[in-house]
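This is the structure I want to talk about, given as C-alpha cells.
Read the figures in this text as sums done on the coordinates, not as results from a lab. Source: prediction; values computed, not measured. All Cβ positions, glycine included, derive from the backbone under ideal geometry; neighbour counts span all protein chains shown.
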Amino acid sequence: MPWGAVGAGDMGRGHPHALLLLVLVQTVVPRGPQPRSHSLQYFFMGVSELDLGLPLFGALGYVDDQLFVSYNHESRRAEPRASWVLGRTSSQLWLELSQSLKGWDHMFTVDFWTIIDNHNHSKESHTLQVILGCEVHEDNSTSGFWKYGYDGQDYLEFCPKTLDWKEAEPRARITKTEWEAHAIRTKQNKAYLERDCPMQLQQLLELGRGVLDQQVPPLVKVTHHVASAVTTLQCQALNFHPQNITMRWLKDSQPLDAKDGKPQDVLPNGDGTYRGYVTVTVAPGEEQHYTCQVEHPGLDQPLIVTWKPSPSSGLIIGVISGITACVIIFIIGILFQTLKRRQASRGATMDYVLAECE
C-alpha cells in the first residue's frame, strides 16, 4: 500500500476520508458464507511538528476493510468506529486493545526520533507512517506484515522468518542495523505477527459475527455511452460485500488484454458495501460482441452480463425516423408543386408570345 493512502486529515478526525441507459440486470440467490481470508491492519502516522495541524501520533484499525477503532496521542483513548464494537467498550478485549494502542503510541514515538536522529533531521519537519498486521487465510495459515515509511517513501520492512529488517533505501541501513541489534524486540515483533495478531483477529471476527462475515452479491448492469464519436461500455457492480471482486470484459467469450480496457475500480458506498466499475471502448455497432464477467464470494458462479438497447430507445429512434421520413416527403412534395407551377407559367408565356407574332 503506497504511503499516504491513509490521509493526514483522516488521522485528525479519527476516521478515513473516507448514467445513462439501464439495461440487463441480473439477480442471483445468495449462498451461505464461504471460507475466506481475513485481515487485521493498523495504520500509524505522526509528524515531528504539531503546527502542521496533525497529531503527533494517530492510529486507525481495520478488520478486513472495515474501520473499527481510532486513537490519537492527545486523548490517549481508543474510540470505537463500527456498530459491532460500540456496545463492547467495557469488554476485556477492548481494554486490551486500548492498552496495546497506548503501547504503540510510545514505541512509535521512540522509533520516530531514532530515525530522525540517524538522519540528522532534527531541525526539519518529517512524517513517519507504519502499517502492521496479519492475515488468516482460507486454510487457516497466517502471515504478518510490518512496514515503515519515512517522508512518504518506503523505508524498512520486518521479515519475521529471517528476523531482520529489509531496507528500501540506503539511508535506512543505519536504523536497520540498530534495530536488528535488539534481539528481544525482534522476537517480540515475531511473536506479535505470528501469535498475538492472529489471536486478536479471531476475537474481533467473533465479536463482529453476522456483520463481518456477511456476503452480499453484487447487482450488475452494463451501460452504453457515446461522446465525441467514442462508444464506451461500462460494467457496474453495485452494493456488494465483501470488497474483493473480479470484473473483466470478454470479446466473443475471450478475455480482453489489459491494455484494451480501463482497470477495475472499486469504491466504498459508506454503508459497508462497495461498488465497482470496469469500462471498455468499442467500435460502433460492435457492442453485442462484448460481455462483462463478474466473480464475487456472494455468487454461486461467475455472472455474465451484456448490453442491450432499451425498448424505449428503439421507440424513440423509430419515432425520429418516422418524423424524418415525413419531413423529407413533405419537402419533396413542396418542390414538386413548385416545379409544376413554374412549368405551367412558362407554357402560358410561350402561348402569349406566339399569338402576338401571328
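Count the net charge of all other residues whose Cβ sits under 13 Å from the Cβ of E287, scoring Lys and Arg as +1 and Asp and Glu as -1.
Combined, the nearby Lys, Arg, Asp and Glu give 0.
Here is a further query. Could you please rank D300, D154, D139, placing first whichever residue has the fewest other Cβ atoms within 10 Å of its Cβ?
D139, D300, D154
For the range 219-306, evaluate the Debye formula with one uniform point scatterer on each Cα (no solvent term) and list log10 I(q)/I(0) at q = 0.18 Å⁻¹, rounded to two decimals.
Summing over Cα pairs of the range 219-306 leads to -0.75.
Once you have the alpha carbon radius of gyration of the range 37-207, what is it after dividing by 2.2 N^0.38 Å, with N set to its residue count?
So the range 37-207 has a normalised radius of gyration of 1.05.
Modelling each spin label as a point 7 Å along the Cα-to-Cβ direction, I'd like the S122/D196 distance in nm, to one decimal.
About 3.1 nm separates the two model spin labels.
Moving on. What is the spin-label model distance, in nm, from D65 to T89 if the labels are put 7 Å beyond Cα along the C-beta direction?
In this crude spin-label approximation the distance works out to 2.8 nm.
For the pair T246 and H289, what calculated FRET efficiency results from E = 1/(1 + (r/R0)^6), where r is the Cβ-Cβ distance and R0 = 30 Å, to the nearest 0.05?
About 0.90, to the nearest 0.05.
Fully extended, how many nm does the chain gain between T114 and E169 (0.36 nm per residue separation, minus their Cα-Cα distance)?
Here the segment from T114 to E169 would lengthen by 18.2 nm.
If the limit is 31 Å between Cα atoms, which of K102/K161; K123/K187; K102/K190; K147/K221; K166/K259 go over it?
Over 31 Å Cα-Cα: K123/K187; K147/K221; K166/K259.
So what are the ³J(HN,Hα) numbers for the range 124-139, from phi and the Karplus equation (6.51, -1.76, 1.60; θ = phi - 60°), rounded to whole Hz, Gly and Pro as x?
Here the 3J(HN,Hα) series is 10, 8, 9, 10, 10, 10, 9, 10, 9, x, 8, 9, 9, 8, 4, 8 Hz.
Suppose we take every Cα in the range 67-107 and form the convex hull; what volume per residue is that in Å³?
62
At 7 Å along Cα-to-Cβ for each site, give me the label-to-label distance between K161 and V230 in nm.
Placing both labels 7 Å beyond Cα along the Cβ direction yields 4.4 nm.
May I pose another question? So how strong a dipole does the range 37-207 carry about its Cα centre when Lys and Arg Cβ are +1 and Asp and Glu Cβ are -1, to the nearest 20 debye?
380
Further, regarding this structure: Within 10 Å, count the other beta carbons around each residue, average over each peptide in 130-137, 228-235, and list them highest first.
Top to bottom by mean Cβ count within 10 Å: 130-137, 228-235.
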